[in-house]
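S.K.: I have a structure here, written as structure tokens, and I will follow up with some questions on it.
The values are calculated or read from the model by the stated rules, or taken from the named source; none is laboratory data. These numbers were taken from a predicted model, which means no experiment stands behind them. Reconstructed Cβ throughout: ideal geometry from the backbone, glycine too, with neighbour counts over all protein chains shown.
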Amino acid sequence: MIGKVCLFSEVYGVITYAGEPVSGATVTRWVEWRQKSSDSVRTAQDGSFRLPALYKTSLLATLLPIPFRAAQTIYVDVNGTEHLIWSTIKIGPEPNDELAGRPLRFTCELTRKRRYVHLGAASIESNCEWR
């Protein structure tokens with residue numbers, strides 16, 4: 001897309017705690033590229049949530065051979081306790097560059113220990129499993 005960069009691809013997720021869906025939790029997405037911004041949604045009764053793709057206009061970033069880097073994090077707040085479920089640096093401006101072209105569809109068990117997953121030049125810290 002000339003003139004647009006994808007800072008954060010669309011996210012579909014399900015949040016569970018001890019195997020049970022977490023409803024009404026606040027899911028907050030942070031992204032930093034030139035400036036820091038955030039948005040939030042609440043999980044549905046089945047623990048699911050959706051965050052739309054986040055785009056910014058930048059003719060220079062799409063035309064000049066400069067590296068693209070966008071810091072991404074997702075937190076889930078459950079009754080005042082914040083859980084980090086996703087942290088990475090997105091290194092490509094296209095949708096779904098986070099998981100090497102796969103859509104961001106995952107299940108996050110909050111009692112699971114976070115781990116690092118290495119995909120090419122990027123690493124993801126998460127307690128989620130992608131589908």
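S.K.: Among the residues of segment 95-110, is any in contact with a Phe, Trp or Tyr (Cβ under 8 Å, 6 or more places away or on another chain) and of a type in the set (Gly, Ala, Ser)?
M.R.: no
S.K.: Which one is modelled with the highest pLDDT, of the residues in segment 43-57 that are charged (D, E, K, R) and more than 15 Å from the chain's Cα centre (by Cα)?
M.R.: Per the stated criteria, the residue is Asp46.
S.K.: While we're on this one: I need the full set of residues from segment 113-130 which are free of Cβ contacts under 8 Å to residues at least 24 places away in the same chain and under 23 Å from Pro21 (Cβ atoms), in order please.
M.R.: Listed by number, the residues that qualify are Lys113, Arg115, Glu129.
S.K.: For Val27, only one of the following conditions fails: (1) at negative phi; (2) at pLDDT below 95. What is its number?
M.R.: For Val27, the exception is condition (2).
S.K.: Could you please find all residues in segment 64-111 being over 17 Å from Cys6 (Cβ atoms) and aromatic (Phe, Trp, Tyr)?
M.R.: Across segment 64-111, the qualifying residues are Tyr75, Phe106.
S.K.: For segment 103-111, state whether one or more residues are among the aliphatic types (A, V, I, L, M) and modelled with pLDDT under 95.
M.R.: Yes; the residues of segment 103-111 include at least one that is among the aliphatic types (A, V, I, L, M) and modelled with pLDDT under 95.
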